[in-house]
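Engineer: This is the structure, below, for whatever I ask next.
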Amino acid sequence: MKFKIFQIALFSVLLVVAGCSDKESLDHLKVSAVQNLDNPENNKSITLTTSGSVTFDWEAAKAEDGGLVMYEVLFDKEGGDFSNPIYSLTSDNGGTYAYATISHTVLDKIAKKAGINSSETGKIIWTVVSSKGINEMKSDKYNTLQVKRLSGFSDDEIPSELYVTGAGSEGGTTLANAPKFKQTGTGEFEIYTKLTAGQSYQFVSAKSGTPTTFYIAADGTTLKEGGSSTVENTSVYRIKLDFNTGAASMAEISKLSYFFSPWWDGGSLFDFEYQGNGVWKAENEHIEFSQEEWGYDQRYKFYFTLGDGTVEWWDSNVWDNGQPDASTAASYYYLYNHYTSADAVDALDDDIVYGYSFKFASAFQDQNVNMTVSFSPDGAYTHSVELAQ
């Protein structure tokens, strides 16, 4: 019995010592609170636009260990105390920079959460929390920001579905053939579709009856009800619409190309043909792996060349993929955009060339294949590779 009591006492002492050790370790992770909020200065007034942004910056906090400090920007209604902020986000570079670049469209959403109606002016407040991941320190300073909101649509005006129709659209003027947008968020829609130069197109809330119509205004960045639009070039376009803010954007897609990472300096090995409904195909293309000292390199990805020459890379969501086989999940082939560069092959760094690459299955070595890339609104953006018949 005495031995058991001794064991319990010893265990208690060890817990206390461990607790003290943990506390001392955590003490080294302490940071100071941000002392000054620099920009936007207090009571700054901003008229929001669909393409603008604001840089929020502050005096850097200090960490006891001299290392990096993480930052989070908090927003609240005027008169709030940030105990239950209406919005928060990390600073630039994954939270390590003492500033945050915030788009006007995000600020518009924050203003909406603060109860400010579309096109109206109101105030929000902001402050900064510093930490090392723990031991958060909220600044005792805050700044007030006055914003005039964008001309978005009210909740009862936002469609639950959206389509593109008209003589300039893929489906022509037959409403039943109108291609559908992918809904990417509440009131947010996106589509990859072909438009014909000089012929009108518009967006509709349904494929039958008398739907509500919308269009992109002449400024190219504003979504409005009624009317129609045209484009200068016959091409495939990515159209993004945000009914919450009334924002619209379009990117012309000149081509979609296959990129083999080991031969990056050779550029695209082949381009895809657009099929309609956001789908591209390349048929009977030869695939050859790169023989390296350590074995075969099978890494590949895709890129869009946009109308302004910018290159947008589409690849995996896994940094270093394994090689797939017949049992690999469909999600392996899903497409994500991690990088954008000025040119497809000019001064690329290793991250763009190799990071997030897919790998071919062994069966495709020295074979002809058919490849399909789908940005269809039905399901995830993805691709497939099959042996050509």
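The values are calculated or read from the model by the stated rules, or taken from the named source; none is laboratory data. Keep in mind that what you see is a predicted model, and the values were worked out from it rather than measured. We place every Cβ from the backbone using ideal geometry, glycine too, and count neighbours over all the protein chains shown. For accessibility, only protein heavy atoms count, side chains too; no ligands or nucleic acids. Shrake-Rupley method; radii C 1.70, N 1.55, O 1.52, S 1.80 Å.
Engineer: Output the number of residues of segment 27-79 satisfying the condition of being closer than 30 Å to Ala217 by Cβ and over 23 Å from the mean Cα position of the chain (by Cα). Steps first, please.
Structural biologist: Filtering segment 27-79 down to residues closer than 30 Å to Ala217 by Cβ leaves 40, 44-56, 75.
Subsequent filtering for residues that are over 23 Å from the mean Cα position of the chain (by Cα) retains 40, 44-47.
Adding up the residues that qualify gives 5.
Engineer: Let me ask another. Name the residues in segment 109-129 that are more than 25 Å from the chain's Cα centre (by Cα) and small (Gly, Ala, Ser), would you?
Structural biologist: Gly115, Ser119, Gly122
Per-residue answers, yes or no, for (1) at pLDDT 95 or above; (2) within 25 Å of Lys123 (Cβ to Cβ); (3) open to solvent by 80 Å² or more (accessible area, probe 1.4 Å):
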residue: Leu145; (1), (2), (3): yes, yes, no
residue: Ser154; (1), (2), (3): no, yes, no
residue: Glu161; (1), (2), (3): yes, no, no
residue: Ala167; (1), (2), (3): yes, no, no
residue: Glu170; (1), (2), (3): yes, no, no
residue: Ala176; (1), (2), (3): yes, no, no
residue: Gln183; (1), (2), (3): yes, no, yes
residue: Thr186; (1), (2), (3): no, yes, yes
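Engineer: Then there's this: Of the residues Ala167, Ala178, which single one is in contact (Cβ under 8 Å) with a residue 12 or more places away in the chain, farther than 14 Å from Ser228 by Cα and hydrophobic (A, V, I, L, M, F, W, C)?
Structural biologist: On the way: Ala167 fails: farther than 14 Å from Ser228 by Cα.
None of the other options fit; the residue is Ala178.
Engineer: Okay, moving on. Residues to consider are Glu78, Glu72, Glu64; find the one that is in contact with a His (Cβ under 6 Å, 6 or more places away or on another chain), over 30 Å from Ala251 (Cα atoms) and not small (Gly, Ala, Ser).
Structural biologist: Details: Glu78 fails: in contact with a His (Cβ under 6 Å, 6 or more places away or on another chain); Glu72 fails: in contact with a His (Cβ under 6 Å, 6 or more places away or on another chain).
Residue meeting the stated conditions: Glu64.
Engineer: Something else: Step by step: first the residues of segment 47-61, then only those that are hydrophobic (A, V, I, L, M, F, W, C) and in contact with a His (Cβ under 8 Å, 6 or more places away or on another chain), then the one that is nearest to Ala248 (Cα to Cα). Which residue is that? First the steps, then the outcome.
Structural biologist: First, the residues of segment 47-61 that are hydrophobic (A, V, I, L, M, F, W, C): 48, 54, 56, 58, 60-61.
Then keep just the ones that are in contact with a His (Cβ under 8 Å, 6 or more places away or on another chain); that gives 48, 54.
Working: Leu48: 14, Val54: 19 Å.
Taking the candidates together, the pick is Leu48.
Engineer: Right, another one. Quick check: is even one residue across segment 165-178 among the acidic types (Asp, Glu) and assigned to a loop (DSSP other than H, G, I, E, B)?
Structural biologist: The answer is yes, given that some residue of segment 165-178 is among the acidic types (Asp, Glu) and assigned to a loop (DSSP other than H, G, I, E, B).
Engineer: Right, another one. So if I check each of Ala330, Ala380, which one is open to solvent by 50 Å² or more (accessible area, probe 1.4 Å) and at pLDDT 95 or above? Full working, then the answer.
Structural biologist: Details: Ala380 fails: open to solvent by 50 Å² or more (accessible area, probe 1.4 Å).
Answer to the check: Ala330.
Engineer: Would you point out the residue of segment 258-295, among those that are at pLDDT below 95 and among the hydroxyl-bearing types (Ser, Thr, Tyr), that is surrounded by the most Cβ atoms within 10 Å (Cβ to Cβ)?
Structural biologist: My answer is Ser261.
Engineer: For a quick check of your reading of the model, give me the residue pairs whose first member lies in segment 364-389 and is more than 12 Å from His286 (Cβ to Cβ), whose second is open to solvent by 30 Å² or more (accessible area, probe 1.4 Å) and not in a strand (DSSP E or B), with beta-carbon atoms closer than 6 Å and at least 6 apart or on different chains.
Structural biologist: Note: pairs meeting the criteria are Ser376/Asn277; Thr382/Tyr333; His383/Tyr333.
Engineer: Kindly provide the set of residues from segment 78-97 that are open to solvent by less than 90 Å² (accessible area, probe 1.4 Å) and closer than 13 Å to Thr127 by Cβ, ordered by number. Show your work before the answer.
Structural biologist: Here is the first cut: in segment 78-97, the residues open to solvent by less than 90 Å² (accessible area, probe 1.4 Å) are 79-80, 82, 85-92, 94-96.
Residues satisfying the conditions are Gly80, Phe82, Pro85, Ile86, Tyr87, Ser88, Leu89, Ser91.
Engineer: Now for a different question. Looking only at strands (runs of 3 or more DSSP E) that fall completely inside segment 223-314, which ones have 2 or more residues that are more than 14 Å from Phe375 (Cβ to Cβ)? First the steps, then the outcome.
Structural biologist: On the way: elements: 223-225, 235-242, 247-260, 273-276, 279-287, 290-292, 295-297, 299-306.
The strands (runs of 3 or more DSSP E) meeting that bar are 223-225, 235-242, 247-260, 279-287, 290-292, 295-297, 299-306.
Engineer: Continuing with this model, one more query. Among the numbered conditions (1) polar (S, T, N, Q); (2) in a strand (DSSP E or B); (3) more than 22 Å from Val279 (Cβ to Cβ), tell me where Thr193 comes up short.
Structural biologist: Only one criterion is unmet by Thr193, namely (3).
Engineer: Quickly run through segment 338-373 and pick out the residues that are more than 14 Å from Tyr300 (Cα to Cα), small (Gly, Ala, Ser) and open to solvent by 50 Å² or more (accessible area, probe 1.4 Å).
Structural biologist: Listed by number, the residues that qualify are Ala342, Ala347, Ala363.
Engineer: Now a separate question. Within segment 195-226, which residues are closer than 25 Å to Leu150 by Cα, among the hydrophobic types (A, V, I, L, M, F, W, C) and surrounded by 18 or more Cβ atoms within 10 Å (Cβ to Cβ)?
Structural biologist: Of everything in segment 195-226, those that are closer than 25 Å to Leu150 by Cα, among the hydrophobic types (A, V, I, L, M, F, W, C) and surrounded by 18 or more Cβ atoms within 10 Å (Cβ to Cβ) turn out to be Phe203, Val204, Phe214, Ile216, Leu223.
Engineer: Ser83 - would you say it is free of Cβ contacts under 8 Å to residues at least 24 places away in the same chain and outside any helix (DSSP H, G or I)? Talk me through it step by step, then tell me what you get.
Structural biologist: Numbers: free of Cβ contacts under 8 Å to residues at least 24 places away in the same chain: yes; outside any helix (DSSP H, G or I): yes.
The answer is yes for Ser83.
Engineer: Look through Ala100, Ala60 and report the one residue that is touching a Phe, Trp or Tyr at 6+ places or on another chain (Cβ under 9 Å), surrounded by 15 or more Cβ atoms within 10 Å (Cβ to Cβ) and part of a loop (DSSP other than H, G, I, E, B). Walk me through how you get there before you give the answer.
Structural biologist: On the way: Ala100 fails: part of a loop (DSSP other than H, G, I, E, B).
Just one listed residue meets the conditions, Ala60.
Engineer: Another one. Residue by residue through segment 116-132, note down the ones that are in a loop (DSSP other than H, G, I, E, B) and open to solvent by less than 60 Å² (accessible area, probe 1.4 Å). Don't jump to the end; show me each part of the working.
Structural biologist: Here is the first cut: in segment 116-132, the residues in a loop (DSSP other than H, G, I, E, B) are 116-120, 132.
Within segment 116-132, Ile116, Ser118, Ser119, Lys132 qualify.
Residue by residue, here is whether (1) acidic (Asp, Glu); (2) over 16 Å from Lys359 (Cβ atoms); (3) without any contact (Cβ under 8 Å) to a residue 24 or more places away in the chain holds:
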position	(1), (2), (3)
His286	no, yes, no
Gln291	no, no, yes
Gly295	no, no, yes
Tyr300	no, no, no
Leu306	no, yes, no
Gly309	no, yes, no
Glu312	yes, yes, no
Pro324	no, no, no
